[in-house]
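The values are calculated or read from the model by the stated rules, or taken from the named source; none is laboratory data. All values reported here derive from a predicted model rather than from experimental measurement. A quick note on method: Cβ atoms are made from the backbone with ideal geometry, for glycine too, and the neighbour counts reach across all protein chains shown.
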Amino acid sequence: MSMVVPLSHVIGLSLILFFIGLTGIFTRRDAITVFLAVEILLNAANIAFIGFAQSLESEFGHVAAFTVICIAAAEAAIGLSIVIRLKADHRTLKLKDLNELRG
Amino acid sequence: MEAIIFYIFSGFAVLFSLMVILLKNPVTSALSLVASFFCVSGIFFLLHASFLGVIQILIYAGAIVVLFLYVLMLLNIKKEDLIENKMERRLGYGGKALVLVLVLFAFQVIDLPTSSTMQVRESFGTVASFGQELLGPFAIVFELVSLVLLAAILGVVALISRKEKG
């Protein structure tokens, strides 16, 4: 079994996906799509973990990626219940209207 | 051959991720995210992480995104809730900073080793090998993750069962 592609291309893909996710977080204005963009970010980090794990032949990268997936599941559950709360309490999902903490 | 498959999967993963952040309807965005996760799962298989590839489909595409779709259905989002996506107006200084960071990281990526003769052992990334690693040297990680998941369950119950404001 040989490495199919150079490590730099795998990390490059991870970088592109991370950039797409960051752009989504900064440009979208509804809470749900911002959470979807956060999932893209976590996924990009996972690609980097798996790429380095294969390059270094260490399964620590796999354990780290597994942890990231579990944290993403917890984050999605908490985040979506916060979204439901926001909708119930404020009747909006527009992040612009949610400025209670602004001094 | 495998390299070509990698580039096809990468292209589709990038395309579907772009659709997630560019499309207006959140349901379409979530479904594009599922497609993107399937492509990334294929990349995991090519990188000899077969267990993680399966987990990616089962948990990410199967559970997390379905949770998103379920909440979208619960919220019953109407047309007027969907805000115009005015990219150009919000990509001011933040966008320039993002591009700068991307360029800086891209220079680091170019310096990475490009050798394509890397050998991995036959059992690398299989369930047995991954399980021995996870429950052996990294058992503490396993236990801590279970605590995080417990905290998430309790947090969700506390958030949702709270009485209405006022």
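If I filter region A:69-81 for residues that are more than 7 Å from chain B (Cβ to nearest Cβ), more than 22 Å from residue B:143 (Cα to Cα) and at pLDDT 90 or above, do I get at least one hit? So that I can check it myself, show each step before the final result.
First, the residues of region A:69-81 that are more than 7 Å from chain B (Cβ to nearest Cβ): A:75, A:79.
So of that shortlist, the ones also more than 22 Å from residue B:143 (Cα to Cα) come out as A:79.
When the remaining residues are screened for being at pLDDT 90 or above, the result is A:79.
For region A:69-81, residues more than 7 Å from chain B (Cβ to nearest Cβ), more than 22 Å from residue B:143 (Cα to Cα) and at pLDDT 90 or above: present.
Only one of A:20, A:40, A:32, A:11 is within 7 Å of chain B (Cβ to nearest Cβ), within 16 Å of residue B:43 (Cα to Cα) and under 14 Å from the mean Cα position of the chain (by Cα); which?
Going through A:20, A:40, A:32, A:11 in turn, the sole match is A:40.
May I ask you to verify whether residue B:20 is surrounded by fewer than 24 Cβ atoms within 10 Å (Cβ to Cβ) and at the interface with chain A (Cβ under 7 Å from one of its Cβ atoms)?
Details: surrounded by fewer than 24 Cβ atoms within 10 Å (Cβ to Cβ): no; at the interface with chain A (Cβ under 7 Å from one of its Cβ atoms): yes.
No: the conditions fail for residue B:20.
Filtering region A:54-71 to residues that are out of contact with any Phe, Trp or Tyr (no Cβ under 7 Å at 6 or more places or on another chain), under 21 Å from residue B:61 (Cβ atoms) and surrounded by 21 or more Cβ atoms within 10 Å (Cβ to Cβ) leaves only A:66. Summed over region B:129-166, the residues that are closer than 17 Å to residue A:64 by Cα and part of a helix (DSSP H, G or I) give a count of 18. Among the numbered conditions (1) at the interface with another protein chain (Cβ under 7 Å from one of its Cβ atoms); (2) in contact (Cβ under 8 Å) with a residue 24 or more places away in the chain, the only one that residue A:89 does not meet is (2).
Quick one: which residue in B:125, B:136 is modelled with pLDDT of 75 or more and facing chain A (nearest Cβ under 9 Å)?
Working: B:136 fails: facing chain A (nearest Cβ under 9 Å).
Answer to the check: B:125.
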